[in-house]
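**Q** Dropping the structure in here first, questions after.
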Amino acid sequence: MLKAVILIGGPQKGTRFRPLSFEVPKPLFPVAGVPMIQHHIEACAQVPGMQEILLIGFYQPDEPLTRFLEAAQQEFNLPVRYLQEFAPLGTGGGLYHFRDQILAGGPEAFFVLNADVCSDFPLSAMLAAHRHQPHPFLLLGTTANRTQSLNYGCIVENPQTHEVLHYVEKPSTFVSDIINCGVYLFSPEALKPLRDVFQRNQKDGQLEDSSGLWRGAGTIRLEQDVFSALAGQGQIYVYLTDGIWSQIKSAGSALYASRLYLGQYQLTHPERLTKHSPGGPRIRGNVYIHPTAKVAPSAVLGPNVSIGEGVTVGEGVRLRESIVLHGATLQEHTCVLHSIVGWGSTVGRWARVEGTPNDPNPNDPRAHMDSESLFKDGKLLPAITILGMAS
């Protein structure tokens, strides 16, 4: 018996995802046609023996989240529940706070997934590795180039046993080219070190973190408080993947994640990809079109295009490397490139909307999306274009 926990954060997080996260909780933002965390749930539901999926976060359980949970339970025939934290508790605090819910029923192990990652989620392979060599913590890792590795949690492993010998979160100098993917498989005994951190925090009182903010005893950071402390003690191991992986921290990275997932659909969900048909629009590459969208036959779409519910695409429209959200209208002969068109927005006829892509270096197989901010040295950085809601 297995369970899965998806850490969805809260509204105080995801500031780099604004303005998109103003309209919908970031975990529900559509990537490749479905909410971001539906990709996680689909992967978990395919693991044999999965009994329950828990979402932990600090969002209010509003109507969109409740509606999504109900639909997910129906679609996957699995209990999918949301557990709301009383305060933001970090990446490990929610796991400890809701430990009784996680361990109810006596699961053999439970997956923990960060909501803001895009991956092919090799969960069954991780489970097989765990069963072959059981340990409290198994981390999913991938490789990055030397420069970009500084933006992630870095793992030094024993290449023979894959034990994690050293773990540093976002180091100031190069440590390793193996990085933490934010996907884990924990044994029930993995909660004991979290208890130790909680008790130590209680004893020490409130603590000041690296950003100068005070955090309560219930706040536990998996990466700094647990992984860094336990590395080299035979408790943490890493499973390396060469599959797709990217963080989703900004609008630009959501567009890149959409491209990765649309490519993955060739193997996992070919029915979601639109094929060229007589009398239909011209399709180039991987394109998702919601069944309720109306697309003129003279439109040219793709590659990497996702068209949401109730969208209208007029005659002669050219759409490429873009996401068009619910209820938007692209009037005749518009050209939209490297952009996200917001909910209910209208792009007028003959208009051209073009953003600046910030993709990983195609000549470096270990390159990833940079966790870019909007400004650097007081200057606005080039980025994809976002048309806000009903603009």
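Quick note: the coordinates plus some simple rules give every number you see, no bench work behind them. Being a predicted model, the structure only gives us computed values, none of them experimental. Cβ atoms come from the backbone with ideal geometry, glycine included; neighbour counts cover every protein chain shown.
**Q** Find how much the distance from GLN160 to LEU78 grows on full extension, using 0.36 nm per residue of separation minus their present alpha carbon separation; answer in nm with one decimal. Spell out each step's value before the answer.
**A** On the way: separation 82, 0.36 × 82 = 29.52 nm, distance 3.77 nm.
Working it through step by step, the gained length comes to 25.8 nm.
**Q** Now for a separate question. Say the cut-off is 25 Å between C-alpha atoms; which of LYS170/LYS249; LYS3/LYS26; LYS3/LYS170 go over it? Intermediate values should be presented prior to the final figure.
**A** Numbers: LYS170/LYS249 15 Å; LYS3/LYS26 23 Å; LYS3/LYS170 29 Å.
Listed pairs above 25 Å: LYS3/LYS170.
**Q** List the residues, sorted by chain then number, that are 5 or more residues from GLU157 or on another chain and whose placed amide H is less than 5 Å from its amide H.
**A** LEU165
**Q** Determine the gain in length on full extension of the stretch SER277-THR143; use 0.36 nm per residue of separation and subtract their C-alpha separation, reporting nm with one decimal. Please report the intermediate quantities before stating the final value.
**A** Numbers: separation 134, 0.36 × 134 = 48.24 nm, distance 4.00 nm.
Fully extending the segment from SER277 to THR143 adds 44.2 nm.
**Q** Determine, from the Cβ-Cβ distance of ASP62 and ALA87 and an R0 of 22 Å, the FRET efficiency 1/(1 + (r/R0)^6), rounded to the nearest 0.05.
**A** Working: r = 18 Å, r/R0 = 0.83.
Efficiency for this residue pair is about 0.75.
**Q** Report D for segment 14-146 in µm² per second (integer): Stokes-Einstein, Kirkwood Rh on Cα pairs, 10 °C, 1.306 mPa s.
**A** Working: Rh = 16.3 Å.
Once the numbers are plugged in, D ends up at 97 µm²/s.
**Q** Something else now. Evaluate the distance, in nm, between pseudo-label points positioned 7 Å from the Cα of GLN51 and of LEU103 along their respective Cα→Cβ axes.
**A** 1.4
**Q** Mean Kyte-Doolittle of at least 0.0 plus a Cα span of 24 Å or more along the axis: flag which DSSP H helices in the chain meet both, please. Spell out each step's value before the answer.
**A** Working: long enough: 251-268 (25 Å, 0.12).
Membrane-span-like by this rule: 251-268.
**Q** Helix-derived [θ] at 222 nm for the chain: sum -39500 (n - 2.57) over DSSP H runs of at least 4, divide by residue count, nearest 500?
**A** On the way: 8 runs with 83 residues, N = 391.
Result for the chain, helices only: -6500 deg cm²/dmol.
**Q** Right, another one. What's the extension gain from LYS170 to GLU189 if we count 0.36 nm per residue and subtract their Cα-Cα distance?
**A** Extra length from LYS170 to GLU189 when fully extended: 4.2 nm.
**Q** Let me ask you something else. To check you understand DSSP bridge types, tell me what percent of the beta bridges within the chain (both residues inside) are antiparallel, rounded to 5.
**A** Details: 27 of 78 bridges.
Of all bridge pairs located within the chain, approximately 35 percent are antiparallel.
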